[in-house]
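Working notes, structure below.
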Amino acid sequence: MFTGIVEEIGRIASVVPGDGSVRLEVLAPKVAAGVKLGDSIALNGCCLTVTAIDGPRLSFDAIPESLLRTNLGELEAEGAVNLEAALRADARLDGHIVQGHVDATGVVKRIERAGNDVRFSVACDAGFADLLVEKGSVAVDGVSLSVVEVADEGFDVALIPHTLLVTTLGQRGPGSRVNLEADVLGKYVLRYLARLTSIGESDS
């Protein structure tokens, strides 16, 4: 379980291809100082397990399913990645409940700046957009954000300068592919309503 509050921007030290999988070695001195083998870390919002620790260097194995459903397969050496360690039970929930289970990927359509306000427009499929509500929460590359506007073809989020500074979103531009995770509450509500509709149709 995560909050969508990024703790550190890590640097990709190496990307080692395996048998369908990829080993990602990430330099992250701040996060590495507090983790142990087997801990869960969100990389760009995707929950992965720490498989090796070498000082500030953390290793993760991304399996084919993760590479297929996320942008982790696009990472290259020297690239940047958002990192967040799993939430402790006694910690404060500053963002929203993020599972680290990426639902889909989207593409940044445009970025509009007006003073300190920066609006990201993200294109996504209609199935993911159905999980969002205006003023609700969404995780974009593991960053907890508030939804400003939703349409069938995508959604808008507003970012403050601090978020752009402490996450990789400040390095994103039009055409960038980003990992998306909807609020888990929205998923359950949509599933429940679908079941009710199915039951109603079968009774008619």
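Relative to the dominant Cα principal axis of the chain, helix 184-203 is inclined by about 40°. Here ILE53 and SER146 are evaluated by their C-beta separation; at R0 = 35 Å the FRET efficiency comes out at 0.50. Say we join alpha carbon atoms closer than 10 Å with springs in a Gaussian network model of the chain; which of ALA13, ALA126, ALA80 then has the biggest fluctuation? Highest fluctuation of the listed residues: ALA126. Taking the Cα of ALA86, stepping 7 Å toward and past its beta carbon, and measuring to each backbone N in region 29-56: which are under 12 Å? From region 29-56, the list is 36-42, 47-50.
For region 104-191, the square roots a ≥ b ≥ c of the C-alpha gyration tensor eigenvalues yield an a/c of 1.5 or more together with a/b exceeding b/c, which makes the shape prolate. Each of GLY79, LEU193, PRO17 was scored by the projection of its Cα onto the charge dipole of the chain, and the greatest displacement toward the positive side belongs to GLY79; charges sit on the C-beta of Lys, Arg, Asp and Glu.
If packing is taken as the mean number of other Cβ atoms within 10 Å per residue, what is the order of 153-161, 138-146, 17-25, highest first?
Result, highest mean Cβ count within 10 Å first: 138-146, 153-161, 17-25.
Charged side chains reduced to their Cβ positions (Lys and Arg at +1, Asp and Glu at -1) give region 55-139 a dipole of some 240 debye around its Cα centre. Considering helices alone, the calculated mean residue ellipticity of the chain at 222 nm is -5500 deg cm²/dmol, with DSSP H runs of length four and up weighted by -39500 (n - 2.57) and normalised per residue.
About its Cα centre, the dipole of the chain is roughly 400 debye, where the only charges are +1 on Lys and Arg Cβ and -1 on Asp and Glu Cβ. Need one word for region 31-101: rounded, prolate or oblate. Basis is the Cα gyration tensor (sqrt eigenvalues a ≥ b ≥ c); a/c below 1.5 gives rounded, then a/b vs b/c decides. Oblate.
In the chain, taking the dipole from charged Cβ atoms about the Cα centre, the farthest positive-side position among THR70, LEU48, ASN116 is held by ASN116. What is the distance in Å between the Cα centroid of region 4-21 and that of region 81-134? Using only Cα atoms to place each centre, the spacing works out to 19 Å. The mean sequence distance of close C-alpha pairs (under 8 Å, at least 6 residues apart), as a share of the length of the chain, puts its relative contact order at 23 percent.
The HN-Hα couplings worked out from phi for region 75-84 by the Karplus form 6.51 cos²θ - 1.76 cosθ + 1.60 (θ = phi - 60°) are 5, 10, 3, 6, x, 10, 8, 6, 10, 8 Hz, whole numbers, x standing for Gly and Pro. Dipole magnitude for region 8-85: computed about the Cα centre from +1 point charges on Lys and Arg Cβ and -1 point charges on Asp and Glu Cβ, it is near 180 debye. Ranking ALA33, GLY154, THR3 by Cα position along the charge dipole of the chain, where only Lys, Arg, Asp and Glu carry charges on their C-beta atoms, puts ALA33 farthest toward the positive end.
Read-outs throughout are calculated quantities, based only on the coordinates presented, and are distinct from any laboratory measurement. Keep in mind that this is a model prediction, so the values were computed, not measured. Here Cβ is always computed from backbone atoms with ideal geometry, including for glycine, and neighbour counts include all displayed protein chains.
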